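Presented below is the structure to which this report refers.
The values are calculated or read from the model by the stated rules, or taken from the named source; none is laboratory data. Keep in mind that this is a model prediction, so the values were computed, not measured. Glycine also receives a Cβ, built like all others from the backbone with ideal geometry; neighbour counts cover every protein chain displayed. Just the protein is used for accessible areas: all its heavy atoms, side chains included, with ligands, DNA and RNA removed. Shrake-Rupley method; radii C 1.70, N 1.55, O 1.52, S 1.80 Å.
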Amino acid sequence: MKRWIAPWLLIVFLTAPGWGQDPGVKLTREENRIVVAIDGQPFGDYYFGPEGGRPYVRPFLWPVRAADGVVVTSDQSQVTGDHPHHRSLWVGHGNVNGADHWALHGEESPKQRHLGFDRVEGDTIVEKLAWEGTDHQPILNETRTLRFFALADGSRGLDLTSVYTPIDGPVIFGDTKEAGLCAVRVAAEMAKTSTITESTGATSAQPKDERLVWGKTADWCDISGRIGEKTYGVAMFDHPANPRHPSYWHVRHYGLLAANIFGLSAFDKAADKHAGDLTMEPGKPVTFRYRVVVHMGDAKEAKLDEKYRQYVASSGQ
């Protein structure tokens, strides 16, 4: 028996993030970056090599723009004395078999080596990386996929999938709050008026209430604040298939938003100092998936609960 699918339903499936490609995305590869445009307007540049005279340590996406062109993230390497390792949108961890892939230590910093691209096409980048250990030799392979999209309400964003495979022996993502396998630093002006909101309903509108959201678990976490006369927000979704879902959130009113399931001893002072360790074995890939949504308005106006449900449904969960 043949099944009939209404044409309008097929269009919905094929244009929803997670189904087919977003035809509004254009990727342009240059010497050290891939320029990402959505619906003809700049979204961000994905750097995979040295930039601005600064040594390459790990890839990052900068600047990230809302649909009206306003920059909603900050590259703190350009700001004196304030977390120079917070480079707009990046992947990092402060204790990978003892190697610090979060902070910056000049030329001694272990690198996420860019090995090449499997794909730069349509709306998707697929990159091969090797993470160095303390002796600067590769210990961990990563296949990183970034898929860019726009939503009907003007929001835009990306899906980040990282598949980690140890090379020769076990690799431990150690217990530390200095980590975010998906991390964002929002623009300084936005942070000054920031409200942090989590899917559980927990909120913090000022630093003295940050304890209500920092180190807590939730399906998603959002930072919203004003830039000029408008409110913008950046939300991060934790995929339900991720290890230890729902994620803990390393989130601060100064502008950091990072999904961190590792810092358990910092989030809970009664926990053992290795409570958050995650051990990966050769031949057993470990996958993490996140969605980042750049939206207008605050978390409620952006209907993030609805967007999260759509994300989960579109990913086949």
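Residues in region 168-179: is at least one of a type in the set (Asp, Glu) and touching a Gly at 6+ places or on another chain (Cβ under 7 Å)?
Of region 168-179, the ones of a type in the set (Asp, Glu) are 168, 175, 178.
Restricting the remaining residues to those that are touching a Gly at 6+ places or on another chain (Cβ under 7 Å) gives 175, 178.
Among the residues of region 168-179, at least one is of a type in the set (Asp, Glu) and touching a Gly at 6+ places or on another chain (Cβ under 7 Å), which makes the answer yes.
Let's see how each residue does on (1) closer than 29 Å to Gly228 by Cβ; (2) of a type in the set (D, E, K, R); (3) touching a Cys at 6+ places or on another chain (Cβ under 6 Å):
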site	(1), (2), (3)
Asn95	no, no, no
His101	no, no, no
Glu107	no, yes, no
Gly116	no, no, no
Ile125	no, no, no
Asn141	no, no, no
Arg144	no, yes, no
Leu158	yes, no, no
Lys192	yes, yes, no
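The single residue among Val120, Val91, Val36 that is open to solvent by 30 Å² or more (accessible area, probe 1.4 Å), among the aliphatic types (A, V, I, L, M) and part of a strand (DSSP E or B) turns out to be Val120. Selection of first residues in region 295-317 that are on the phi < 0 side of the Ramachandran plot and in a loop (DSSP other than H, G, I, E, B) and of second residues that are small (Gly, Ala, Ser) and open to solvent by 20 Å² or more (accessible area, probe 1.4 Å), restricted to Cβ pairs under 7 Å at least 6 apart or on distinct chains, gives the following pairs, ordered by first then second residue: Ser315/Gly18; Gln317/Ala241.
Yes/no per residue for (1) assigned to a loop (DSSP other than H, G, I, E, B); (2) open to solvent by less than 10 Å² (accessible area, probe 1.4 Å); (3) basic (Lys, Arg):
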{"residue": "Phe149", "(1), (2), (3)": "no, yes, no"}
{"residue": "Gly154", "(1), (2), (3)": "yes, no, no"}
{"residue": "Asp159", "(1), (2), (3)": "no, no, no"}
{"residue": "Gly180", "(1), (2), (3)": "no, yes, no"}
{"residue": "Ala183", "(1), (2), (3)": "no, yes, no"}
{"residue": "Met190", "(1), (2), (3)": "no, yes, no"}
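Name every residue in region 66-87 that is more than 18 Å from the chain's Cα centre (by Cα), in a loop (DSSP other than H, G, I, E, B) and modelled with pLDDT under 95, in order of residue number. Answer for region 66-87, where residues must be more than 18 Å from the chain's Cα centre (by Cα), in a loop (DSSP other than H, G, I, E, B) and modelled with pLDDT under 95: Val79, Thr80, Gly81, Asp82.
Out of all the residues in region 240-253, which are outside any strand (DSSP E or B) and either within 23 Å of Lys192 (Cβ to Cβ) or of a type in the set (A, V, I, L, M, F, W, C) (or both)?
Taking region 240-253 first, the residues outside any strand (DSSP E or B) are 240-247, 252-253.
Correct list: Ala241, Arg252, His253.
Of all residues in region 41-65 being touching a Gly at 6+ places or on another chain (Cβ under 8 Å) and assigned to a loop (DSSP other than H, G, I, E, B), which is surrounded by the fewest Cβ atoms within 10 Å (Cβ to Cβ)? My answer is Pro55.
Please go through region 220-239 and give me each residue that is assigned to a loop (DSSP other than H, G, I, E, B) and open to solvent by less than 50 Å² (accessible area, probe 1.4 Å), ordered by number.
Matches in region 220-239: Gly228, His239.
Does region 129-138 contain at least one residue that is of a type in the set (A, V, I, L, M, F, W, C), more than 17 Å from Gly263 (Cβ to Cβ), surrounded by 18 or more Cβ atoms within 10 Å (Cβ to Cβ) and in contact with a Lys or Arg (Cβ under 8 Å, 6 or more places away or on another chain)? Full working, then the answer.
In the first step, residues of region 129-138 are kept if they are of a type in the set (A, V, I, L, M, F, W, C); the result is 129-131.
When the remaining residues are screened for being more than 17 Å from Gly263 (Cβ to Cβ), the result is 129-131.
The next check asks that each one be surrounded by 18 or more Cβ atoms within 10 Å (Cβ to Cβ); those that pass are 129, 131.
Filter once more, keeping what is in contact with a Lys or Arg (Cβ under 8 Å, 6 or more places away or on another chain): 129, 131.
Yes, because at least one residue in region 129-138 is of a type in the set (A, V, I, L, M, F, W, C), more than 17 Å from Gly263 (Cβ to Cβ), surrounded by 18 or more Cβ atoms within 10 Å (Cβ to Cβ) and in contact with a Lys or Arg (Cβ under 8 Å, 6 or more places away or on another chain).
In region 164-178, which residue that is of a type in the set (Val, Ile, Thr) and outside any strand (DSSP E or B) is surrounded by the fewest Cβ atoms within 10 Å (Cβ to Cβ)?
Here is the first cut: in region 164-178, the residues of a type in the set (Val, Ile, Thr) are 165, 167, 171-172, 176.
Next, from what is left, pick out any that are outside any strand (DSSP E or B): 167, 176.
Working: Ile167: 14, Thr176: 22.
Only one residue fits best here, namely Ile167.
Counting the residues of region 192-209 that are open to solvent by 30 Å² or more (accessible area, probe 1.4 Å), outside any loop (DSSP other than H, G, I, E, B) and either at positive phi or of a type outside the set (S, T, N, Q) (or both) gives 4. Against the list (1) farther than 27 Å from Arg29 by Cα; (2) touching a Ser or Thr at 6+ places or on another chain (Cβ under 6 Å); (3) of a type outside the set (S, T, N, Q), the condition Gly133 fails is (2).
Note on region 98-117: residues that are part of a loop (DSSP other than H, G, I, E, B) and either of a type in the set (A, V, I, L, M) or open to solvent by 20 Å² or more (accessible area, probe 1.4 Å) (or both) amount to 6.
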